[in-house]
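**Student:** Once you've had a glance at the structure underneath, I'll fire off some questions.
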């Protein structure tokens with residue numbers, strides 16, 4: 001029979017993790033809901049806004065994607081700053097600046113101002129996602145991280161479920177006080193970030209030891225568990241080095257896989273309302289409601305599936321399978337017409353955040369300390385190049401073919417590449433590339 005200490009360990013784990021899920025995760029999820037709402041609401045505004053300020057589909061796609069230029073460039077410094085000053089201060093700063101700039105989108109008057117505001121919004125929000133993923137490594141052990149990441153990414157799904165109908169409703173405010181509906185949408189949807197920034201400043205603990213809702217046993221459990229994992233993995237905290245990150249083969253494979261993922265996520269996010277609207281006879285609110293349906297599927301997949309990716313082999317197989325399902329869904333979406341096509345997009349979306357949670361559960365097995373913080377930023381930075389190219393390429397295909405679904409075939413090819421590459425990822429690098437190489441490089445600096 002198990003002794004009392006053997007029974008106590010899982011009991012303590014369940015008790016501590018339960019407190020974190022109840023007290024910390026809702027705040028992080030709400031923050032991500034608002035951030036994703038503010039970065040993607042232009043998809044709903046596309047038709048009316050483009051007509052008012054003179055944007056072609058290519059110009060809209062370029063502006064939508066420019067967000068990721070500054071967002072990507074500033075990912076690494078943002079994460080390194082957060083590690084130094086703490087999550088509470090830095091996430092509060094991020095939320096204040098992005099809320100103000102998102103509301104300021106109401107005042108764009110042409111392509112140039114549209115591009116500038118999207119660049120500023122990307123700079124303001126840079127580091128939020130990788131920063132929170134890194135922040136969660138302070139709280140969750142290895143076996144919990146995929147599940148926690150999947151729950152956090154629920155924010156993206158909820159933002160689209162809530163945001164699409166909300167945006168459609170706000171567009172109906174067109175003409176009130178002389179403002180267009182899309183202007184009201186940007187202003188109203190930018191304000192919650194400022195309110196939540198105050199909540200984050202007051203309530204978000206930097207580390208488990210700062211959380212008043214954890215007792216001494218909880219804090220000791222978290223610290224002991226993470227210390228034991230660090231000893232097992234054989235790497236120590238180290239300063240960030242680009243050279244070491246690029247030399248880490250498993251990490252660079254993750255970058256390539258994540259790039260193909262982000263192309264599809266953001267291409268579909270920005271152009272799904274247009275694709276649905278092509279079938280004709282739908283109001284803005286109806287388009288918004290139908291746009292929300294695939295994100296319900298994404299929420300279900302993100303919550304239910306990540307907990308099963310609890311080993312190296314299973315993670316690789318589920319990652320490869322997820323990419324194949326996404327590719328099949330885009331094919332159905334491009335060919336299937338209104339109802340069948342929507343079901344295809346649901347199939348693709350159901351894998352979005354399941355596979356993303358697997359991708360971001362890998363780096364803590366490869367590095368730690370500032371090296372991990374910077375590498376989360378680098379992973380998001382390079383992967384989000386796909387987020388830039390997705391809207392731009394789909395917009396260019398639409399301008400050249402007259403069909404909003406034509407660019408989806410480019411996404412299908414990229415997803416098949418992602419499926420192929422994912423089969424080669426290992427938690428331990430092969431050959432002569434050591435996991436601890438980053439630490440040895442940095443130790444001499």
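The values are calculated or read from the model by the stated rules, or taken from the named source; none is laboratory data. Note that the coordinates shown come from a computational prediction; the quantities given were computed from them, not determined experimentally. Because the Cβ atoms are built from the backbone with ideal geometry, glycine has one as well, and the counts that use them run over all protein chains shown.
Residue-wise test of (1) at pLDDT below 85; (2) surrounded by 16 or more Cβ atoms within 10 Å (Cβ to Cβ).
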| position | (1), (2) |
| --- | --- |
| 304 | yes, no |
| 309 | yes, yes |
| 325 | no, yes |
| 328 | no, yes |
| 336 | yes, yes |
| 339 | yes, no |
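**Student:** Could you check residue 51 against (1) over 20 Å from residue 385 (Cα atoms); (2) touching a helix residue (DSSP H, G or I) at 6+ places or on another chain (Cβ under 9 Å) and say which number it fails?
**Tutor:** Condition not satisfied by residue 51: (2).
**Student:** What about residue 112, is it out of contact with any strand residue (DSSP E or B) (no Cβ under 9 Å at 6 or more places or on another chain), farther than 25 Å from residue 145 by Cβ, part of a helix (DSSP H, G or I) and without any contact (Cβ under 8 Å) to a residue 12 or more places away in the chain?
**Tutor:** yes
**Student:** May I pose another question? Would you mind stating whether residue 177 is farther than 17 Å from residue 359 by Cβ, in a loop (DSSP other than H, G, I, E, B), over 15 Å from the mean Cα position of the chain (by Cα) and free of Cβ contacts under 8 Å to residues at least 24 places away in the same chain?
**Tutor:** Judged against the criteria, residue 177 is not a match.
**Student:** Could I ask something else about it? If only one of 17, 79 is part of a helix (DSSP H, G or I), farther than 20 Å from residue 127 by Cβ and modelled with pLDDT of 80 or more, which one is it?
**Tutor:** Answer to the check: 17.
**Student:** What is the number of the single condition among (1) modelled with pLDDT under 85; (2) in a helix (DSSP H, G or I); (3) within 30 Å of residue 414 (Cβ to Cβ) that residue 229 does not meet?
**Tutor:** (3)
**Student:** Hey, residue 240 hits all of (1) crowded, with 18+ Cβ neighbours inside 10 Å; (2) at pLDDT 90 or above; (3) not in a helix (DSSP H, G or I) but one; which does it fall short on?
**Tutor:** Just one mismatch for residue 240, condition (2).
**Student:** Let me confirm something: among 350, 357, 375, which residue is free of Cβ contacts under 8 Å to residues at least 60 places away in the same chain, part of a helix (DSSP H, G or I), surrounded by 20 or more Cβ atoms within 10 Å (Cβ to Cβ) and touching a helix residue (DSSP H, G or I) at 6+ places or on another chain (Cβ under 8 Å)?
**Tutor:** 350
**Student:** While we're here: Among the candidates 36, 60, which residue alone is over 20 Å from residue 158 (Cα atoms), touching a helix residue (DSSP H, G or I) at 6+ places or on another chain (Cβ under 6 Å) and assigned to a helix (DSSP H, G or I)?
**Tutor:** Just one listed residue meets the conditions, 60.
**Student:** So which of 128, 153 is at pLDDT below 85 and buried (at least 24 other Cβ atoms within 10 Å of the Cβ)?
**Tutor:** Result of the check over 128, 153: 153.
**Student:** Given the condition under 16 Å from the mean Cα position of the chain (by Cα) and either buried (at least 23 other Cβ atoms within 10 Å of the Cβ) or over 28 Å from residue 288 (Cα atoms) (or both), answer yes or no: does some residue in region 362-369 qualify?
**Tutor:** Checking region 362-369: at least one residue is under 16 Å from the mean Cα position of the chain (by Cα) and either buried (at least 23 other Cβ atoms within 10 Å of the Cβ) or over 28 Å from residue 288 (Cα atoms) (or both).
**Student:** Counting just the residues of region 82-103 that are in a helix (DSSP H, G or I) and out of contact with any helix residue (DSSP H, G or I) (no Cβ under 6 Å at 6 or more places or on another chain), which one comes out surrounded by the fewest Cβ atoms within 10 Å (Cβ to Cβ)?
**Tutor:** 84
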